[in-house]
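Please read the structure below before turning to the comments.
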Amino acid sequence: MSESFDALVAVMARLRGEGGCPWDREQTTESLKPFLIEEAYEVLEAIESGRAEPLCEELGDLLFQVLFHAEIAKERHLFDIEKILLTVTEKMTRRHPHVFAPERPAGKDTSPMNSREVLAKWEEIKKKEDRHRDRKSALDGIPKQLPALLRAHQLQARAARVGFDWKTAEPILAKVEEEVQELCEAVAERDTAGIENELGDLLFSIVNVARFLKVNPEDALRGTVQRFTGRFKNMESAAEKSGGLNALSLEEMDALWEKAKSDEKALLPLD
C-alpha cells in the first residue's frame, strides 16, 4: 500500500484507540450506516457538479467510512482493510476472465466480448461463488434498501439479462399510456388503494422506458428536481418586490415560472 494510504489507516486506528476521539470510539457498524449513505450521496452531488476538487474530497470521505468499518471489524478480530483489499482484488480478477484470463476455445471467434456478454458471464461466475449459490432467482441479491426508483431499474435490468425484455421502445411507451389510463380510471372511481397501485405501475413503466433508452431514472429525476429548484428560487426572487409569491395569483406565478424557464434556456451553452 502507498504511504498516504497507510497514513490514513493509522489516523483511523488512532481515532479509535486509547486516547483517541470519544465520538469515533463510540461508533458501531450500525451507528455508522446513515453516515455511509450520506457520504455516498455527497459523492453523487460532487460528480454532478462537474468539479474535480469536491469530488476528490467527497471520495476521501467515503473511503474514510470504509476504513471506519474495517477498523471496527479488526478490533473484533473479524477482518481488516488488508483482507478487504485482497478479497475485492481476487473477486474482480475472477469475474473478469476476458481481461485477466481470456478464454479462447479452439475453433471459436476470439474477438473481445461485448458489454451484454460480459454481464452474462459476470452473472454466471457469481452463481458459482459460495455466497451466491443459494440464490434461486435472477432477481435475488438486489438490496431491498435501495431507493425504490433505483431498485426498480436494477430489477428490470436483471430480468432483461435473461431475455425478459422488449425489442423496441414503442410497446413500452404504449404500456405507459395504458398505465396512465388505468390511473385515470382509479381516480375517477376514487379508489384509494387502486390509485396507489396504478401510480406504482405507472412509475415502474416509466423506469422501464428509461432503462431501455439507457437513461438512469435516478439521474433524470434528480436533474428535474434541480431545475425545478432553480426555477422556483428565481420565481421567489422576482416576486420579492411584489410581496412574495403568496401575494400573487396563480396566473402571475405561472408567468414567472415561464420567465424562469426562458432565462434558464438563455443561459445554456450554444452548440
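When ALA157, ALA148 are screened for being closer than 30 Å to ARG94 by Cβ, of a type in the set (Gly, Ala, Ser) and at pLDDT below 95, only ALA157 passes. Count of segment 243-271 residues, restricted to those that are surrounded by 12 or more Cβ atoms within 10 Å (Cβ to Cβ), assigned to a helix (DSSP H, G or I) and not charged (D, E, K, R), is 6. Counting only residues that are in contact (Cβ under 8 Å) with a residue 24 or more places away in the chain and either on the phi > 0 side of the Ramachandran plot or within 22 Å of the chain's Cα centre (by Cα) (or both), segment 163-213 holds 13 of them. Comparison of GLU236, GLU218 shows that the only residue that is part of a helix (DSSP H, G or I), acidic (Asp, Glu), touching a residue at least 12 places away in the same chain (Cβ under 8 Å) and touching a Leu at 6+ places or on another chain (Cβ under 8 Å) is GLU218.
Yes/no matrix, rows are residues, columns are (1) touching a Lys or Arg at 6+ places or on another chain (Cβ under 7 Å); (2) among the charged types (D, E, K, R); (3) within 29 Å of SER115 (Cβ to Cβ):
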| position | (1), (2), (3) |
| --- | --- |
| GLN154 | no, no, yes |
| GLY163 | no, no, yes |
| TRP166 | no, no, yes |
| LYS175 | no, yes, yes |
| GLU196 | no, yes, no |
| PHE204 | no, no, yes |
| LEU213 | no, no, yes |
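Among the residues of segment 7-23, those that are surrounded by 11 or more Cβ atoms within 10 Å (Cβ to Cβ) and charged (D, E, K, R) comprise ARG14, ARG16. Remark: ARG104 matches the filter, which requires a residue to be basic (Lys, Arg) and at pLDDT below 95. Number of residues in segment 1-56 that are among the acidic types (Asp, Glu) and within 27 Å of ARG227 (Cα to Cα): the value is 6. Looking at segment 178-231, which of its residues are among the basic types (Lys, Arg) and farther than 30 Å from LEU256 by Cβ? ARG190, ARG211, LYS214 - these are the residues of segment 178-231 that are among the basic types (Lys, Arg) and farther than 30 Å from LEU256 by Cβ.
Every residue, every condition in (1) more than 18 Å from the chain's Cα centre (by Cα); (2) loosely packed, with under 14 Cβ neighbours inside 10 Å; (3) under 30 Å from LYS128 (Cβ atoms), yes or no:
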{"position": "ARG25", "(1), (2), (3)": "yes, yes, no"}
{"position": "THR29", "(1), (2), (3)": "yes, yes, yes"}
{"position": "GLU38", "(1), (2), (3)": "no, yes, no"}
{"position": "CYS56", "(1), (2), (3)": "yes, yes, no"}
{"position": "GLU71", "(1), (2), (3)": "yes, no, no"}
{"position": "GLU75", "(1), (2), (3)": "yes, yes, no"}
{"position": "ILE84", "(1), (2), (3)": "yes, no, yes"}
{"position": "MET92", "(1), (2), (3)": "yes, yes, yes"}
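The values are calculated or read from the model by the stated rules, or taken from the named source; none is laboratory data. These numbers come from a predicted model, not from an experiment. FYI the Cβ positions are ideal-geometry reconstructions off the backbone, even for glycines, and counts take in every protein chain you see.
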